[in-house]
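Bear in mind that the values in this text are calculations on the coordinates, not laboratory data. The structure presented is a predicted model; accordingly, all values stated were derived computationally and were not measured. Positions of Cβ are generated from backbone atoms using ideal geometry, with glycine treated the same way; all protein chains shown enter the neighbour counts.
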Amino acid sequence: MVQGIETWVAPGVRGLAPYQPGKPISDLERELGIQDIVKLASNENPLGYSPHVRDALSSALPDMARYPDGGGYALKSALARYYGLTQDQVTLGNGSNDVLDIVARTFLTHEQGAIVAQYAFAIYALTVQAMSAPLQVVPAIHYGHDLTAMAQAVQVSTRLIFIANPNNPTGSSVSQQELKVFMQELPPHVHVVLDEAYLEYSDEGGVDAATWIEQFPRLIICRTFSKAYGLAGLRIGYALSSAPVANLLNRVRQPFNVSSLGLVAAEAALADQDFVMRTRQLNQAGLQQLRAPLEGKGLQVLPSQGNFLCLDMGRPAQPVYEALLRQGVIVRPLGGYGMPNHLRVSVGLPEENARFLTALDHVLS
Ligand SMILES: *Cc1c(COP(=O)(O)O)cnc(C)c1O
């Protein structure tokens, strides 16, 4: 027999299992032939996006024959102003997943590895493995990052530590005080990727980027327009870091990694903080709307600082997920995370949350 193609690929790629995204609405429509589907599976913003974004997109459309501004000047300036940083401290990405990948490609080799937490956002491990780089997974405590153990796990070969705060899919968070202590302990050969995709939803908010980067020059803060800003479909995220680190990341990224539409949309979205505020309020109400009835059903609901809840169903969750699909409700099973009894449900509009609760009642009875 001819040897399989896998023999010839990079060793890390051989064991790679693809990321399992939330099921698209169009898939379920096709499979079940039903309409009126509720998707609470990808932590998207149920309010959509700011009306200013729509205007900015319309005015940008005539220029689509042109390449985007590869330097992202206008958006980087806006972000720098917003955070009190300089433009040369910003790196733009095709979603923050692209930024995570750029960071991995900048620092990792088959000898230089990374540390992640058990149950952390799956993309970290994927991107490290795709580099064929050593990966250490540090056991979680209470489904959250054990920062003490992660600091202790550092080796001479460690180059990156990924921290999701708040974490997806668990909703767990570490306090800024804990984070500060952790940062102070690290040796100079380690950079920390602090992924704050959900900062707008969390009680503490994100770290003050300017202050933290000045105090900890090896900190790389990743943020995104996909969640609270509602631009997941346009793929735009960014890293804030020291200027020397940003310089390296910008050498590694693709020259036109962010689209023209992504650039203008993000700039307009950033300028509409009222929209973010409304999003945050809707989310807090939604978390309350969901939590009490779920706990009333005897389910264990993990504490969450995000726009989603992680539920322990007390039994295999995959059949529950599938039964919910048949009710037209898409949530996220977490078997791929080694959490076979858990489901993650994103906070939707009040009527969507109600649909989910009713469907779950139906499935569990
Ligand atoms: C959704 C999410 C992101 C954002 O990904 P994008 O590529 O910006 O859409 C990043 N980190 C975590 C933990 C997330 O859940």
Most mobile listed residue (Thr170, Thr109, Thr211) in the chain, GNM with C-alpha springs under 10 Å
Thr211
The range 255-332-the range 12-89 distance, computed between alpha-carbon centres (Å):
16 Å
Mean Cβ count within 10 Å, highest first, over the residues of peptides 148-161, 119-132:
119-132, 148-161
Evaluate Rg over Rh across the chain, taking Cα atoms for both radii and Kirkwood's formula for Rh.
0.96
Excluding same-chain pairs closer than 8 in sequence, count the lysine pairs in the chain whose Cα atoms lie under 20 Å apart.
4
Where the Cα pairs of the range 173-231 fall when distances are cut into 5 Å bins, in %
4, 17, 28, 26, 14, 8, 3, 0
Can you pull the one-decimal nm distance between simple spin-label points at Gln35 and Thr86, each 7 Å off the Cα toward Cβ?
5.7 nm
Local net charge near Ala271, Cβ-Cβ under 14 Å (Lys/Arg +1, Asp/Glu -1)
-2
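How big is the charge dipole of the chain about its Cα centre, in debye rounded to the nearest 20, if each Lys and Arg gets +1 on its Cβ and each Asp and Glu gets -1 on its Cβ?
Values: 26 positive and 32 negative charges, 84 e Å.
Rounded to the nearest 20 debye, it is 400 debye.
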Among chymotrypsin sites (Phe, Trp or Tyr not before Pro) in the range 1-56, those in a DSSP loop whose Cβ has at most 15 other Cβ atoms within 10 Å are Tyr19
May I ask for the distance between the Cα centers of the range 210-242 and the range 113-166, given as a whole number of Å?
19 Å
Measuring from label point to label point, each 7 Å out along Cα→Cβ, what is the Glu6 to Tyr73 span in nm?
5.0 nm
Mind giving me the nanometre distance, one decimal, between the label points for Arg315 and Ala271, set 7 Å out from Cα along Cα→Cβ?
5.4 nm
Using square roots of five times the C-alpha gyration tensor eigenvalues, list the equivalent-ellipsoid semi-axes of the range 1-121 in whole Å, biggest first.
32, 28, 17
Estimated 222 nm signal from helices in the chain, with DSSP H stretches of n ≥ 4 weighted -39500 (n - 2.57), rounded to 500
-12000 deg cm²/dmol
Tell me whether the range 246-365 comes out rounded, prolate or oblate; compute the Cα gyration tensor, take square roots of the eigenvalues as a ≥ b ≥ c, and use a/c under 1.5 as the rounded threshold.
prolate
